[in-house]
Amino acid sequence: MVLKIFFPQCCNKADSGLLVGRWIPGQNTAVVLAVIHYPFIPGQVKQYIHQMRGQSGVDLTVLGSWSMPKEGQEGMESFLRDLSTIFPQGQWLQLSREMGKIGFRCHVLTRDQNGKLVQQEKELKEDGGGEGKKGGKGEGKKEGIKKGGIKKGGGEKKGEENKAEGEKGGGEKKGEENKAEGEKGGGEKDKVIFIHYEQRKVMLSQLHPIEHGVPDPQTESQLPQVFGTVCQSEPLFFLDKYDDSPVKLTHWQSEGREGSIIVELMKQASTPVCLLTTWILTLWTSLCSSRILNVRPMRFISSKLSTCVQLSYRTEHLQTVCSPTRATAHNHFMRKANIFVSFFVDVSLGLLLVSWMYRENRIGKLANTLVPAADHVAKELEELLQWLMGAPAGLKMNRALDQVLGRFFLYHIHLWISYIHLMSPFVEMILWYVGLSACLGLTFALSLLSDITALLTFHIYCFYVYGARLYCMTVYGLSSLWRLFRGKKWNVLRQRVDSCSYDLDQLFIGTLLFTILLFLLPTTALYYLVFTLLRLVVVLFQGVVHLSVDFINSFPLFAMGLRLFRSYRLAEGVKFRVLCEEPGTPLHLMMDINPLKVSSVVQTYRTPTYSCYPKDSWLALCKKLFLGELIYPWKHKTTKID
């Protein structure tokens, strides 16, 4: 059976002492967390481990001893071995390191069924040669006869020794069992594998599921438990060499606790700031939920304006960030961090935009450009309508309907030009105050840009609605009259087409109406096509703006920063590489962390938002365009999606 020992790299050169860690239940795996230095008092060590066990919730224990050769400490290894009687465990690891070598030597003391100290010691190693032969010649042979624990290179010899011990213990049966065990030990050696890991990275990392949030069943009881043991043992790493404590340890923070004065000051200042922000948000939420703002027209208008939707969205974000409840789960913490970083970047970009707009009188220049641009658009629309009222592209149009539709739309354009000129003296002032809203964030400025675009192109939207309604009635009228020709009708109750008999007058009127609508269809379709294309241009621009707002709101900036600069914080798995493979020593592996893929980071930590994506598929949108139904592809939904 293979014994796996996870050993922190920071303890490779630690002074001799006791190994503190945890045995993974149900597996032959030990996780070493720290080394308690000699000298120490066993009673104080027990008290300290009991205290750490209560604070961390991890079943911490003394795994064994660690020997580092030093001058004046020649008998340290045997002294530490005798401590197994004070710290009773099922297995006692005895690790030692020789100067000039990377690999460790490992001995294991076991206990019998009665809980007494074992009279058998196993030397776990990678192969049957090397150190086993070395132990058989010297000290190992002596201890093997005394305790019956070190496995020799030859199974038969050990079997005879164990048999002799069995006969001495008073039973031929026990001698035969020990002989069989000796033969088995000579043929197949128990192995030990040292897996070195960087304690700081493992403690700060978060192990993610491999695929679709479902952990691998083989690693569910191994790797996640190792990561969880190191992460939950954080109170053990608070003690460093500068603390006045009778227990001295070696771990990743033993040279001094890692921290930042600025971070600690921000933590202290965040509490009153969060309380003040929560109180302000409570007042704002109660104001928005008042009856005056919840009447039907106000509620309808606020649901259509992108600025109001973004304001409610940011209010919910601030309530999440300033919540007094501490984020204990990793997902909750990452959500808060992503929202905070997104809000900070949004406000920073908004302030940069404000500083750019209010410099060199750019607001006045924009106001002076806006009105002539609206006049230019109206003039282009007039020329387009004049072209449609003639013979566009050589097409033969119905002149009467063409003139009626052209004059109708021209009248709306004249109304729109009058409205623009009426508002022109106030445009600069409106833009000046509207520009200040960018202090709330770039997303507010983009949402206002979308709303202003909708207001400035309202006449194009009206043209599209008129043309779409007229074209839709024509198409549905033709389809209904076509069923009349075939002796069919649409059954409204059953929602299907049924057979029907018509008299002569009905067929005559139906034929007359069908002919009229069929000859008017090209004129209606041309106007509908032109204004639909204009509407799609406006919708495309608003869609790009909404996608930019949605990107800033939902993109996990904090998680992406961790992935780029501290990739070990988001772990997808681990990989192993051979660190040392010296003869006579166990196999030493180095455990490196595989970072989470960028696509997985975005998919896992993307903030849920109010979607501004098309509700229907492209095929459904094309069908609606062909039938003349009104489309709102960038309309915000009322439900959140991931």
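The values are calculated or read from the model by the stated rules, or taken from the named source; none is laboratory data. Just so it is clear, the model here is predicted, and its values are computed rather than measured. Note that each Cβ is placed from the backbone with ideal geometry, even for glycine, and that neighbours are counted across all protein chains shown. Note: areas computed on protein heavy atoms with side chains; ligands, DNA, RNA excluded. Shrake-Rupley method; radii C 1.70, N 1.55, O 1.52, S 1.80 Å.
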Accessible area in square angstrom per residue, the range 365-456, 1.4 angstrom probe: 59
Under-5 Å amide H pairs with Leu33, H placed in peptide plane, nonlocal only: Val20, Gly21, Arg22
Rounded Å value of the spacing that divides the Cα centres of the range 354-386 and the range 394-428: 19
Per residue, the convex hull volume that the Cα atoms of the range 491-602 enclose (Å³): 291
Cα→Cβ-extended label distance, 7 Å offset, between Gln55 and Asp592, nm: 3.5
Ranked packing of 330-342, 350-362, 498-510, most packed first, by mean Cβ within 10 Å: 330-342, 350-362, 498-510
Hz values of 3J(HN,Hα) by residue in the range 281-296 - Karplus curve (6.51, -1.76, 1.60), Gly and Pro given as x: 5, 5, 4, 5, 5, 5, 5, 5, 8, 5, 5, 4, 8, 9, 5, 4
Given Lys46/Lys101; Lys191/Lys248; Lys4/Lys336; Lys248/Lys336; Lys248/Lys575; Lys304/Lys336, the pairs whose alpha carbons are separated by over 30 Å: Lys46/Lys101; Lys191/Lys248; Lys4/Lys336; Lys248/Lys336; Lys248/Lys575
Accessible heavy-atom area order of Ile193, Ile86, highest first, probe of 1.4 Å: Ile86, Ile193
Gly64 long-range amide H proximity, modeled H, under 5 Å: Leu19, Leu93
Of all accessible heavy-atom area on the range 257-304, the percent that carbon and sulfur account for (1.4 Å): 72
